[in-house]
1. Output the residue which, of all residues in the stretch 48-58 that are hydrophobic (A, V, I, L, M, F, W, C) and part of a loop (DSSP other than H, G, I, E, B), is nearest to T11 (Cα to Cα).
2. With respect to T44, is the statement that it is of a type in the set (V, I, T) and either surrounded by 11 or more Cβ atoms within 10 Å (Cβ to Cβ) or touching a Cys at 6+ places or on another chain (Cβ under 6 Å) (or both) true?
Amino acid sequence: MMAEYQGKKFTLNKPFRLSTAESKNKKFGVYVKNKSTGRVQKITYGARGMSIKKNNPARQKSFLARMGGVLKKVKGQKTLSPAY
């Protein structure tokens, strides 16, 4: 699904890597649509200096176990939270 953000077209709900020009602190971003306002927002997440090790099943399982409790506490639209 394509959407417009600041005059440019982007794919919604597809994470992408940020360049250092876009963000000095965050490593990734994703465009999501805010259901209450109907506007597109850019959510940034991930520490720039840390490696992600996404191909390790044990790490994935541990991460999802940790985030389960965090996502339960998110009020409203969960896709607007960096924890999503």
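1. Residues of the stretch 48-58 hydrophobic (A, V, I, L, M, F, W, C): 50, 52, 58.
Applying the additional criterion that residues be part of a loop (DSSP other than H, G, I, E, B) yields 50, 52.
Working: M50: 26, I52: 23 Å.
Going through the qualifying residues, I end up with I52.
2. Values: of a type in the set (V, I, T): yes; either surrounded by 11 or more Cβ atoms within 10 Å (Cβ to Cβ) or touching a Cys at 6+ places or on another chain (Cβ under 6 Å) (or both): yes.
When the stated conditions are applied, T44 passes them.
Yes/no per residue for (1) assigned to a loop (DSSP other than H, G, I, E, B); (2) within 11 Å of the chain's Cα centre (by Cα); (3) free of Cβ contacts under 8 Å to residues at least 24 places away in the same chain:
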position	(1), (2), (3)
V30	no, yes, yes
G46	no, yes, yes
K61	no, no, yes
M67	no, no, yes
V70	no, no, yes
K75	yes, no, yes
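Quick note: the coordinates plus some simple rules give every number you see, no bench work behind them. Since the structure is predicted, the reported quantities are computational estimates derived from the model, not experimental observations. Positions of Cβ are backbone-derived with ideal geometry, glycine not excepted, and every protein chain shown enters the neighbour counts.
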